[in-house]
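*Asks:* The structure follows.
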Ligand SMILES: [Fe+2]
Ligand SMILES: [Fe+2]
């Protein structure tokens, strides 16, 4: 049954969403910028503007979030990991793209669950959400333009067309969550669990595909592992879509997805460590490796919430 979101939950959920997705949008803009060749400088410049605009969203969210956000989200590793700062620094050195790292330190310094009167922030958060909706809409359009140019062979970038589709899908998901929050709408946890699993199982499958395709061809063991994860999440996504076989209930699907996502998360942790210490040969930009790790951490938090609400033991 659908219900109405309490002001304090509206504030907390909105800020937690920005701390995750605001940073994700900022980083998509960096990946887009880094993928262009010299002759498409104007596209790279536009991407840089989006990076700055989402940096501002993130800054505003951090300012409002102290004492408001939950420990569950704070400790999940979806906003930053212990590798984020290093990944940002190395990516900046290698790409020449300026990355403000102060927010990474600030997020680390937030105090969760400090009993701040969240309802007082409702008006400010409503404005921030509206601003993020407008910006995300513009970013979706920008990603679509680049994708169209690539598919018509009028534009070259080192990002795969599927990466553009993937990051556009994440932007659309962010916007849908924001629009639901602006309407103060609560959806029932079963519908929500299915929606999240349909969405993130596809994203996890594609992360594994990107890793497989961006590794040096000599990294055969890692490529085989990545391909196995891609197959596993393809299967889980089909089941979540109601097409697959072998799993009977949402509870079983959620439990199996948790196990698979933990394994993929561990693979991503090993991947970013290997990249930061120059032990893996690839064309993966270090911040992308940390980015997909945070997305797995976010998904694990959502899955544990579903597990709790579905009462799976
Ligand atoms: Fe992403
Ligand atoms: Fe992703």
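A short reminder: the numbers here are calculations on the coordinates, not readings from a lab. No experiment lies behind these values; they were computed from the predicted model shown. Here the Cβ is made from the backbone with ideal geometry for all residues, glycine too, and neighbour counts use every protein chain on show.
*Asks:* Taking the inverse of the average 1/r across all pairs of different Cα atoms in the stretch 36-175, what Kirkwood radius in Å do you get?
*Replies:* One decimal place: 17.1 Å for the Kirkwood radius.
*Asks:* Okay, next question. Before rounding to the nearest 500, sum -39500 (n - 2.57) across all DSSP H runs of length at least 4 in the chain and divide by the residue total; then give [θ] at 222 nm in deg cm²/dmol.
*Replies:* -24000 deg cm²/dmol
*Asks:* Please work out how much length the chain gains when fully extended from residue 41 to residue 179, using 0.36 nm per residue of separation minus the C-alpha to C-alpha distance, in nm with one decimal.
*Replies:* Extra length from residue 41 to residue 179 when fully extended: 46.4 nm.
*Asks:* Still on this structure, please answer the following. Tell me, what is the FRET efficiency for residue 141 and residue 187 to the nearest 0.05, using R0 = 22 angstrom and their Cβ-Cβ distance as r?
*Replies:* Once the sixth-power term is evaluated, E becomes 0.25.
*Asks:* Same structure again: I need to check one value: relative contact order of the stretch 189-313, counting alpha carbon pairs closer than 8 Å and at least 6 residues apart, in percent.
*Replies:* 32
*Asks:* If contacts are Cα pairs under 8 angstrom and at least 6 residues apart, what is the relative contact order of the chain in percent?
*Replies:* 23
*Asks:* Right, another one. Mean-square fluctuation check for the chain, GNM, Cα pairs under 10 Å: which of 303, 250, 94 is largest?
*Replies:* Most flexible of the set in this elastic network: 94.
*Asks:* Any idea what the relative contact order of the stretch 35-117 is, in percent, if you count C-alpha pairs under 8 Å spaced at least 6 apart?
*Replies:* 42
*Asks:* What is the ratio of the Cα radius of gyration of the chain to 2.2 N^0.38 Å, with N the residue count, to two decimals?
*Replies:* Rounded to two decimals, the normalised Rg is 0.98.
*Asks:* Of 241, 124, 152, which is the most mobile in a GNM of the chain whose springs link Cα atoms less than 10 angstrom apart?
*Replies:* 152
*Asks:* Further question: What distance in nm lies between label points placed 7 Å from Cα along the C-beta direction at residue 100 and residue 308?
*Replies:* The two pseudo-label positions are separated by 3.2 nm.
*Asks:* Each label point is 7 Å from the Cα along the Cα-to-Cβ direction; what then is the distance between the points at residue 220 and residue 59, in nm?
*Replies:* Placing both labels 7 Å along Cα→Cβ, they lie 5.1 nm apart.
*Asks:* Applying 1/(1 + (r/R0)^6) with R0 = 22 Å to the Cβ-Cβ distance of residue 153 and residue 49, what FRET efficiency is obtained, to the nearest 0.05?
*Replies:* Efficiency for this residue pair is about 0.30.
*Asks:* Also: Could you work out which residue, out of 243, 195, 206, moves most in a Gaussian network model of the chain, that is, has the largest mean-square fluctuation with Cα springs under 10 Å?
*Replies:* Greatest mean-square fluctuation among the candidates belongs to 243.
*Asks:* Put a dot 7 Å past each Cα toward the Cβ at residue 270 and residue 256; how far apart are the dots in nm?
*Replies:* 2.3
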